[in-house]
Amino acid sequence: MNGQTKISRRNFFARLGQGAALAASGGLVWLYLLKQQARASPYAIRPPGARDEADFHARCIKCGQCVDACPYDTLALATADDAIPIGTPWFAPRDVPCYMCADIPCVAACPTGALDPALDNINDARMGLAVIDIENCLSWQGLRCEVCYRECPLQEKAITIEHHPRRVSKHAMFVPLVHSNACTGCGICEKACPTEMAAIRVLHPELVQGQIGEHYRLGWTIDTPISQDFKAGDGVTETDRPATGLDYLNEGTP
Amino acid sequence: MSLLDKPVRLGPNGRPVRPFVMPASFTGKLNVWRYLLMRRGLQIGILLLFLGTVRAGWEIAGRPVLSGNLSSSELFGLVPMADPFAVLQIMLTGNLPLREVLLGAALILAIYGLLGARTWCAWVCPVNMVTDLAAWLRRRLGITDMFHLSRNIRYIVLALTLILSVFTGVAAFEWISPIGMLHRELIFGIGLGWTAVLGVFLFDLFVLRNGWCGHLCPLGAFYAIVGRLAQVRVRFDTPTCTHCGECARVCPEPQVLNLRDAATHGMIASGECSNCGRCITVCPEDTLHFDLRHHIDVAQHPVNPEHHQRRAA
């Protein structure tokens with residue numbers, strides 16, 4: 001009898017170990033799958049108000065209520081053969097862009113807050129950033145295309161037309177310029193672009209946007225008005241200004 | 001009386017054991033299939049409501065009928081509903097979802113808590129249709145299990161789901177769930193999710209009987225735990241039972257039909273019972289019925305003396 005309990009106790013621990021090993025091995029494969037999938041395409045174009053990708057992944061319950069709510073059939077839920085984490089909403093602007101409804105029905109429909117309900121003005125949405133391929137943009141070939149500029153819902157803010165003056169043997173050019181501080185990434189420009197493959201595309205900002213770094217102190221920006229009073233260092237306030245060389249070298253001396 | 005006559009087997013109640021015989025008449029068959037037909041009607045009907053709302057824009061009085069899918073939805077644009085297991089996973093990633101989805105999850109938890117939590121599995125979950133088909137084919141073709149697997153594996157999968165949700169920051173089961181792939185793609189457009197569903201079908205058909213729903217699915221395990229005190233249960237009238245075993249032959253979770261336990265509780269008490277009603281319609285003695293837990297008074301079925309001794313003590 002005693003012997004029997006001993007064996008069954010040993011069995012019990014053996015079973016426990018087997019269960020733990022099964023859980024661990026299965027769990028590791030599962031973990032790998034999740035990590036791979038979360039990386040599938042961190043740069044998908046998401047509906048307006050989508051939180052940053054990690055928070056969005058955590059919150060999205062994959063219910064498709066945003067897809068239901070979209071009046072333009074812009075949104076789709078990623079299926080297993082899209083290179084986008086499964087079941088999450090996204091859109092391809094060249095097919096159907098976001099038409100930037102003022103009441104943002106997709107955000108209102110989201111039950112989990114994966115689309116941030118704090119977004120109340122669609123112009124503040126940042127779904128992506130339009131980027132121009134100047135080798136294929138018609139305007140950059142000297143044609144007066146400007147279709148993206150005309151179609152842009154935030155014309156003169158998100159896209160402006162810049163004049164490139166004539167040089168010898170070249171056309172003067174009027175070229176579109178995208179401003180990241182206003183571009184919502186709706187993709188209407190990409191949809192409208194007349195080239196065979198769009199020369200203006202909406203991409204995830206992290207793919208294309210650099211960062212200067214805070215240690216650069218610009219004494220002059222492109223917006224600074226040029227006037228008679230212009231002095232080097234304008235745009236930097238007195239408190240920002242680093243100590244002058246002499247002060248700096250004498251710092252700490254009595 | 002000839003010696004060649006098979007001796008009549010008697011049940012523990014002294015009555016002869018009779019096999020289940022499928023009625024010849026169509027109405028008789030319909031009667032046997034009544035819960036099956038109701039379950040299929042509900043499963044397909046819910047999917048159709050989702051599909052009609054998103055694809056055809058079904059509305060009643062200007063309100064969308066049923067938008068979303070089985071993960072989270074809204075009835076008439078008013079009543080939120082959500083998969084409590086999915087919401088639990090989201091909360092474990094460290095995010096508190098909006099009140100809407102919390103209310104929805106609470107509502108579904110309350111509904112299934114009352115109905116019998118794994119009622120979800122047999123009456124709503126679309127994968128049930130796939131695995132039932134596999135089980136039916138497997139019976140037809142006489143396919144046997146490739147190996148034995150404990151049905152408690154699902155609780156390990158459940159624990160893993162919760163742990164992985166914490167550590168990966170994503171709802172771990174929702175990212176691989178063949179249930180989600182099936183209803184999402186049926187409602188929002190077909191992709192490759194059917195391959196996962198095909199995998200479940202082949203696993204159930206050739207590898208292991210009730211392999212997915214009965215051994216692995218963590219959602220079923222979640223509802224089995226939630227459903228321990230569910231109200232709607234299968235009542236068991238001990239005096240009429242002859243232990244013929246017909247119920248266990250059709251049951252997708254035969255371990256819940258432990259007849260001693262059933263006699264003790266006067267019902268199928270296990271949370272793993274999905275209230276599919278198969279056992280009820282095949283019982284030749286009319287021993288099993290749907291009933292409410294608080295109606296089931298064990299004292300009305302005084303057969304198991306052991307139980308009453310324990311009760312008196």
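Out of A:Ala92, A:Ala76, A:Ala38, report the one residue that is at pLDDT below 90, out of contact with any strand residue (DSSP E or B) (no Cβ under 6 Å at 6 or more places or on another chain) and either among the aliphatic types (A, V, I, L, M) or in the same structural domain as A:Glu151 (by TED's automatic domain parsing) (or both).
Among A:Ala92, A:Ala76, A:Ala38, only A:Ala38 is at pLDDT below 90, out of contact with any strand residue (DSSP E or B) (no Cβ under 6 Å at 6 or more places or on another chain) and either among the aliphatic types (A, V, I, L, M) or in the same structural domain as A:Glu151 (by TED's automatic domain parsing) (or both).
Only one of these is surrounded by fewer than 18 Cβ atoms within 10 Å (Cβ to Cβ), modelled with pLDDT under 90 and not assigned by TED's automatic domain parsing to the domain that holds B:Ala269: B:Gly193, B:Gly189, B:Gly116. Name it.
B:Gly189
Is it true that B:Arg15 is over 16 Å from A:Asp68 (Cα atoms), of a type in the set (D, E, K, R) and under 27 Å from the mean Cα position of the chain (by Cα)?
No.
Only one of these conditions is not met by A:Pro47: (1) buried (at least 24 other Cβ atoms within 10 Å of the Cβ); (2) touching a Phe, Trp or Tyr at 6+ places or on another chain (Cβ under 8 Å); (3) at the interface with another protein chain (Cβ under 7 Å from one of its Cβ atoms); (4) part of a loop (DSSP other than H, G, I, E, B). Which number is it?
(3)
Considering only residues that are in contact with a Lys or Arg (Cβ under 7 Å, 6 or more places away or on another chain), within 11 Å of chain A (Cβ to nearest Cβ) and without any contact (Cβ under 8 Å) to a residue 60 or more places away in the chain, which ones fall in the stretch B:48-89?
Across the stretch B:48-89, the qualifying residue is only B:Gly77.
Is it fair to say B:Val127 is crowded, with 24+ Cβ neighbours inside 10 Å, free of Cβ contacts under 8 Å to residues at least 24 places away in the same chain and within 30 Å of B:Gln231 (Cα to Cα)?
Considered against the rule, which asks whether it is crowded, with 24+ Cβ neighbours inside 10 Å, free of Cβ contacts under 8 Å to residues at least 24 places away in the same chain and within 30 Å of B:Gln231 (Cα to Cα), B:Val127 comes out as no.
Condition (residue is assigned by TED's automatic domain parsing to the domain that holds B:Ile179, touching a residue at least 12 places away in the same chain (Cβ under 8 Å) and in contact with a Ser or Thr (Cβ under 7 Å, 6 or more places away or on another chain)) applied to the stretch B:130-145: is it met by at least one residue?
Looking through the stretch B:130-145, none of the residues is assigned by TED's automatic domain parsing to the domain that holds B:Ile179, touching a residue at least 12 places away in the same chain (Cβ under 8 Å) and in contact with a Ser or Thr (Cβ under 7 Å, 6 or more places away or on another chain).
How many of the residues in the stretch A:127-141 are part of a loop (DSSP other than H, G, I, E, B) and surrounded by fewer than 17 Cβ atoms within 10 Å (Cβ to Cβ)? Don't jump to the end; show me each part of the working.
Taking the stretch A:127-141 and keeping what is part of a loop (DSSP other than H, G, I, E, B), we get A:127-128, A:133-138.
With the extra rule that they be surrounded by fewer than 17 Cβ atoms within 10 Å (Cβ to Cβ), the set shrinks to A:133-136.
Looking only at that region, the number is 4.
Would you mention how many residues in the stretch A:57-94 are outside any loop (DSSP other than H, G, I, E, B) and not small (Gly, Ala, Ser)?
Of the residues in that region, 9 qualify.
Out of everything in the stretch B:160-174 that is facing chain A (nearest Cβ under 7 Å) and within 23 Å of the chain's Cα centre (by Cα), what residue ends up being surrounded by the most Cβ atoms within 10 Å (Cβ to Cβ)?
Ranking the candidates gives B:Ala172 first.
Quick one: which residue in A:Val29, A:Val107 is part of a helix (DSSP H, G or I), under 30 Å from A:Cys183 (Cβ atoms) and not basic (Lys, Arg)?
Selected residue: A:Val107, the only one of A:Val29, A:Val107 that is part of a helix (DSSP H, G or I), under 30 Å from A:Cys183 (Cβ atoms) and not basic (Lys, Arg).
So if I check each of B:Thr242, B:Thr264, which one is part of a helix (DSSP H, G or I), outside the structural domain of B:Ala122 (by TED's automatic domain parsing) and more than 28 Å from B:Leu47 (Cα to Cα)?
On inspection, the qualifying residue turns out to be B:Thr264.
Limited to the stretch A:107-161, what total is found for residues that are under 19 Å from the mean Cα position of the chain (by Cα) and among the acidic types (Asp, Glu)?
4
Any chance the stretch B:133-153 includes a residue that's within 12 Å of chain A (Cβ to nearest Cβ) and in a helix (DSSP H, G or I)?
Within the stretch B:133-153, one or more residues are within 12 Å of chain A (Cβ to nearest Cβ) and in a helix (DSSP H, G or I).
So which pairs qualify, if the first residue must be in the stretch B:90-116 and acidic (Asp, Glu), the second must be part of a loop (DSSP other than H, G, I, E, B) and surrounded by 22 or more Cβ atoms within 10 Å (Cβ to Cβ), the Cβ gap must be under 8 Å, and the two must be at least 6 apart or on different chains?
Correct list of pairs: B:Glu100/A:Pro111.
Of the residues that make up the stretch B:216-230, is at least one within 29 Å of B:Val54 (Cβ to Cβ), within 13 Å of another protein chain (Cβ to nearest Cβ), surrounded by fewer than 24 Cβ atoms within 10 Å (Cβ to Cβ) and β-branched (Val, Ile, Thr)?
Restricting attention to the stretch B:216-230, the residues satisfying the condition of being within 29 Å of B:Val54 (Cβ to Cβ) are B:217-220, B:222-223, B:226.
Filter once more, keeping what is within 13 Å of another protein chain (Cβ to nearest Cβ): B:218.
Retained after the next criterion (residues that are surrounded by fewer than 24 Cβ atoms within 10 Å (Cβ to Cβ)): B:218.
Still in the running and β-branched (Val, Ile, Thr): none.
The answer is no; no qualifying residue exists.
Which condition does B:Val54 not pass, out of (1) at pLDDT below 90; (2) out of contact with any Asp or Glu (no Cβ under 6 Å at 6 or more places or on another chain), if it passes all the others?
Every condition holds for B:Val54 apart from (2).
Only one of (1) in contact with a helix residue (DSSP H, G or I) (Cβ under 8 Å, 6 or more places away or on another chain); (2) more than 23 Å from B:Val226 (Cβ to Cβ) fails for B:Gly142. Which number is that?
Unmet for B:Gly142, out of (1) in contact with a helix residue (DSSP H, G or I) (Cβ under 8 Å, 6 or more places away or on another chain); (2) more than 23 Å from B:Val226 (Cβ to Cβ): (1).
Taking the stretch B:233-249 as the region of interest, how many residues are aliphatic (A, V, I, L, M) and at pLDDT below 90? First the steps, then the outcome.
From the stretch B:233-249, those aliphatic (A, V, I, L, M) are B:234, B:248; that's our starting set.
Filter once more, keeping what is at pLDDT below 90: none.
Result for the stretch B:233-249: 0.
Which one of these does A:Cys66 not meet: (1) more than 7 Å from chain B (Cβ to nearest Cβ); (2) farther than 14 Å from B:Ile187 by Cα?
Result: A:Cys66 passes all but (2).
Show the residue pairs meeting these rules: Cβ distance below 8 Å; 6+ apart or different chains; first residue within the stretch B:177-189 and under 13 Å from A:Ile86 (Cβ atoms); second residue of a type in the set (D, E, K, R).
B:Gly180/A:Lys62; B:Gly180/B:Glu174; B:Arg184/A:Lys62
The values are calculated or read from the model by the stated rules, or taken from the named source; none is laboratory data. All of these numbers come straight from a predicted model, not from anything done at the bench. Heads up, the Cβs are rebuilt from the backbone with ideal geometry, glycines too, and the neighbour counts pull from every protein chain shown.
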